[in-house]
1. Restricting to the stretch 248-268, name every residue that is hydroxyl-bearing (Ser, Thr, Tyr) and part of a helix (DSSP H, G or I).
2. Within the stretch 295-310, can one find any residue that is hydroxyl-bearing (Ser, Thr, Tyr), outside any helix (DSSP H, G or I), in contact (Cβ under 8 Å) with a residue 24 or more places away in the chain and farther than 30 Å from SER83 by Cβ?
3. Could you look through the stretch 81-105, keep only residues that are over 30 Å from ARG141 (Cα atoms) and modelled with pLDDT of 75 or more, and pick out the one that is least open to solvent (accessible area, probe 1.4 Å)?
4. Residues in the stretch 185-193: is at least one touching a residue at least 24 places away in the same chain (Cβ under 8 Å), assigned to a loop (DSSP other than H, G, I, E, B) and in contact with a Leu (Cβ under 8 Å, 6 or more places away or on another chain)?
5. Please determine whether any residue of the stretch 494-512 is closer than 28 Å to VAL347 by Cα, at pLDDT 85 or above and open to solvent by less than 70 Å² (accessible area, probe 1.4 Å).
6. Pull up the stretch 390-437, narrow it to residues that are surrounded by 21 or more Cβ atoms within 10 Å (Cβ to Cβ) and aliphatic (A, V, I, L, M), then point me to the one that is farthest from the chain's Cα centre (by Cα).
7. Please determine, by comparing only the residues of the stretch 314-335 that are modelled with pLDDT of 80 or more and either within 19 Å of GLN357 (Cβ to Cβ) or open to solvent by less than 10 Å² (accessible area, probe 1.4 Å) (or both), which one is nearest to the chain's Cα centre (by Cα).
8. Looking at this structure, is TRP243 outside any helix (DSSP H, G or I) and of a type in the set (Phe, Trp, Tyr)?
Amino acid sequence: MLPASTLQQKLQKCQSQPGKGLWKSSAVQESLSAPLQSSCCLSQNTNLKVCIHAARPEQQPAATSSHEEEEDQADSLEQAARSLDSEAGVGYWTDYLKTFLHPRSLFQLPGVWQGQGRFGAFGEGRGLFGASETRDDVMDRVRYWVEECDTFQGFQCFVDDHSGFGHFAADVVAELKQDYSTAPVLVFPVRTTHAAPSQAQTDAKRLWKLNEALSLALLSPVASLYAPVAPPSGPRALPHLAWRPDRAFHTGALCASALDSVTLPYRLHRPCPTSPLGAATGEANMHDLTSLLSGAAHCSLGAVSAALPCPGLPEERQLAEARDHRTRHRPDSPSSRSQSAALWTRVSTACWSPGMQGSVGQALAESIVLRGARQGGAPLQAAQAADLLDQSLLLEGERCVQARCVVPQAMPVPLPYPAIFKPSVLRYGDLLPQQPSPATDSVGVVSHSNGRSHAPAEVDSIPVLTRLTASSACRQPAQQYMDNLFGRGHIGVTRQMLGRCGYDHDEHVEITEQLHQLAIGELEDDDWSD
């Protein structure tokens, strides 16, 4: 148990760093509402509500009157954090949404209730936005928050596209593009990892893939940038985390951590304030970011890759040895070992966009964010971190347009963050050498072969590296959906499923043509890049 003063310091630290995280007050938001611009958060919860969130001044907790009250509050916070990270602790993102939402930020879908229907198919949201009253009510809320913005950049939407909210979101985004034609709309479909059905569940698996295909066909054309996000599965993807894919609390925290860094360039203050580690560099607005990515790839598709936590940066000596062409191809030379360490920008990152693996190696343009860089157990100055990052990116040998953002402050880990860090992660995110594949029990305690158990590490902050990439590999899911859903032997079943969701023949043809256009664009990109 931590002392009350320590808990208060951690909470005050999180609350005093706006723009450093997606956590408001003292909790992680799976709603993923970013604080510096309007956001549309479409997700499924107990009452099936649409959350349109814009930042308001946070209500500060009342000052405690005695030491006993501080201890009681600390005990309550610890107990609440432990209950969230339990088997049945979290069912919906509202279970740990601690932000005070304005009444205009919520809209309840009429006639739709949790438990009264599946609402698990993308097409079940078809027609909900078509009613004039619903459209007017939703757009009035959007206009209210747009008018409240001092500097309006655009919209970012976090969407649950494995439910009826997917089609509802597509209608909302289309309306936003019509009413705010010059404003970019960034769409991040946020998905879980555990919900993907097994091979034996044929119907459920087909519905899962159909939801993703409809999201790609109907949401990506109306979005300025479309980048799905889900924590990567497999022990090598996140080697320093002992997380549970079947827990929404873990999945939500990981998605929030990745998106908090991906969206950081257009959430930084201008000019960036100076800290003892220097000022952040590489800030950009939403329009510049979307123009960079969609202009290079000639489509709105993007892929997210992340290293969480990010390893320590290599030293200048290692980078110099890796650049030495005379010894680069000798496997026993120090240069070969240094080259492996110097390519940390690619080796340490894993793809967080399902089906888009390999996007970094085929990049046409990308936005790179490095925050809280460390070396040898100490934080790096922003200028030094930017220089080492640039040298490492040059060693990759890729020729594409790159925009990089370097922030000296690490990503804070607030109190309710799930205990998913292995003992190899130290307090400020430094990494110890990885031990040989320890097993993890049901409560997240890491058990080693010697019989000793170690509780998850106490971590205050971690460095993070993210890459938002426009690449021809982003079109791979479209081809997969064409083969597995609309190809020979599958088209009949897919047509029946679309019919049950209310899609007629003309809409079926339009969906097929849109996926085909996205799939064949891969050849056009290759010809253009050559």
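The values are calculated or read from the model by the stated rules, or taken from the named source; none is laboratory data. Every value quoted in this text rests on a predicted model; they were computed, and no experiment measured them. Cβ coordinates were reconstructed from backbone atoms using ideal geometry, including for glycine residues, and neighbour counts include every protein chain displayed. Keep in mind that these areas ignore ligands, DNA and RNA; they rest on the heavy atoms of the full protein, side chains included. Shrake-Rupley method; radii C 1.70, N 1.55, O 1.52, S 1.80 Å.
1. Our first condition is that a residue be hydroxyl-bearing (Ser, Thr, Tyr); within the stretch 248-268, this holds for 251, 257, 261, 263, 266.
The answer is THR251, SER257, SER261, TYR266.
2. Let us first name the residues in the stretch 295-310 that are hydroxyl-bearing (Ser, Thr, Tyr), namely 300, 305.
This time we only want the ones that are outside any helix (DSSP H, G or I), so: 300, 305.
Applying the additional criterion that residues be in contact (Cβ under 8 Å) with a residue 24 or more places away in the chain yields 300, 305.
Filter once more, keeping what is farther than 30 Å from SER83 by Cβ: 300, 305.
Within the stretch 295-310, one or more residues are hydroxyl-bearing (Ser, Thr, Tyr), outside any helix (DSSP H, G or I), in contact (Cβ under 8 Å) with a residue 24 or more places away in the chain and farther than 30 Å from SER83 by Cβ.
3. Here is the first cut: in the stretch 81-105, the ones over 30 Å from ARG141 (Cα atoms) are 81-89.
Next, only the ones that are modelled with pLDDT of 75 or more stay: 83-85.
On the way: SER83: 54, LEU84: 19, ASP85: 37 Å².
Ranking the candidates gives LEU84 first.
4. Of all residues in the stretch 185-193, those touching a residue at least 24 places away in the same chain (Cβ under 8 Å) come to 185-193.
Checking which are assigned to a loop (DSSP other than H, G, I, E, B) leaves us with 191-193.
Filter again for in contact with a Leu (Cβ under 8 Å, 6 or more places away or on another chain), leaving none.
So far as the stretch 185-193 goes, no, none of its residues is touching a residue at least 24 places away in the same chain (Cβ under 8 Å), assigned to a loop (DSSP other than H, G, I, E, B) and in contact with a Leu (Cβ under 8 Å, 6 or more places away or on another chain).
5. At the first step, the residues of the stretch 494-512 found to be closer than 28 Å to VAL347 by Cα are none.
For the stretch 494-512, residues closer than 28 Å to VAL347 by Cα, at pLDDT 85 or above and open to solvent by less than 70 Å² (accessible area, probe 1.4 Å): absent.
6. Restricting to residues being surrounded by 21 or more Cβ atoms within 10 Å (Cβ to Cβ) and aliphatic (A, V, I, L, M), the top hit is VAL425.
7. Step one: of the stretch 314-335, the residues modelled with pLDDT of 80 or more are 314-322.
Add one more test, that the residue is either within 19 Å of GLN357 (Cβ to Cβ) or open to solvent by less than 10 Å² (accessible area, probe 1.4 Å) (or both), and what stays is 314, 319, 322.
Working: PRO314: 26, LEU319: 30, ALA322: 32 Å.
My answer is PRO314.
8. Values: outside any helix (DSSP H, G or I): yes; of a type in the set (Phe, Trp, Tyr): yes.
Criteria met by TRP243.
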